Amino acid sequence: MRQQDRRIFAELLNRVREGHHSQEDLDLLRTRTTSPNAPHYPTSVPHLFRTNAQVEMHNISDFEQSTQQKYIIQSIDTVLGAVSDDMAAHILTMIPTNVQKTTQLAGRLPLAVGCRYELCININVTDGLAKGAAGVIKHIQLSSCNSFNASGVVWMLLILMISTLAH
């Protein structure tokens, strides 16, 4: 469980997700709400939304508002193995575009310095680079970026999440 060190928060989120939340749960969540117009609005902290569409709108807004270095990386899918060109083309048409159906691997990845991201795969669990680890991009260093490929390094500062929901 990603929230193992934040058990109270994880349990609260599960109750809300399942519709078994209490008035105390809602009262506690209300103490953590703020407005995007508030001074010192914490843009790099996790945000909770009711729908995936709201999450997507928030992420697009953050990316568009960034005035720092930005790229949109387009994935290129390939089929490896001894298959005909027709079969490879058919296989490629079957790849879904919805990230919820591709284990969160995006076909189009907007990257911006200063924006918050979460890893979608385990890279090095012992170093904290695990699925769900959150951080803010600090620098994008591309060695090549054209319409056929992009390669380089994305420097991300991981954010240590500490729950403040304890009673």
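Tabulated results
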| quantity | calculated |
| --- | --- |
| Among the candidates Gly135, Gly152, Gly128, residue that is modelled with pLDDT under 90, surrounded by 15 or more Cβ atoms within 10 Å (Cβ to Cβ) and either under 27 Å from Gln65 (Cβ atoms) or of a type outside the set (Ser, Thr, Tyr) (or both) | Gly135 |
| Residue in the range 30-44 that is touching a helix residue (DSSP H, G or I) at 6+ places or on another chain (Cβ under 8 Å), farther than 17 Å from Gly114 by Cα and of a type in the set (Ser, Thr, Tyr) present | no |
| Among (1) farther than 30 Å from Ser143 by Cβ; (2) of a type in the set (A, V, I, L, M, F, W, C); (3) at pLDDT below 90 - the single one Met57 does not satisfy | (3) |
| Number of positions in the range 98-122 that are more than 22 Å from Val45 (Cα to Cα) and touching a strand residue (DSSP E or B) at 6+ places or on another chain (Cβ under 9 Å) | 2 |
| Selection from the range 7-23 of residues that are exposed (fewer than 10 other Cβ atoms within 10 Å of the Cβ) and assigned to a helix (DSSP H, G or I) | Arg17, Glu18, Gln23 |
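The values are calculated or read from the model by the stated rules, or taken from the named source; none is laboratory data. Please read all numbers here as calculations on a predicted model, not as lab measurements. For neighbour counting, all protein chains shown are included, and Cβ atoms are generated from backbone atoms with ideal geometry for every residue, glycine included.
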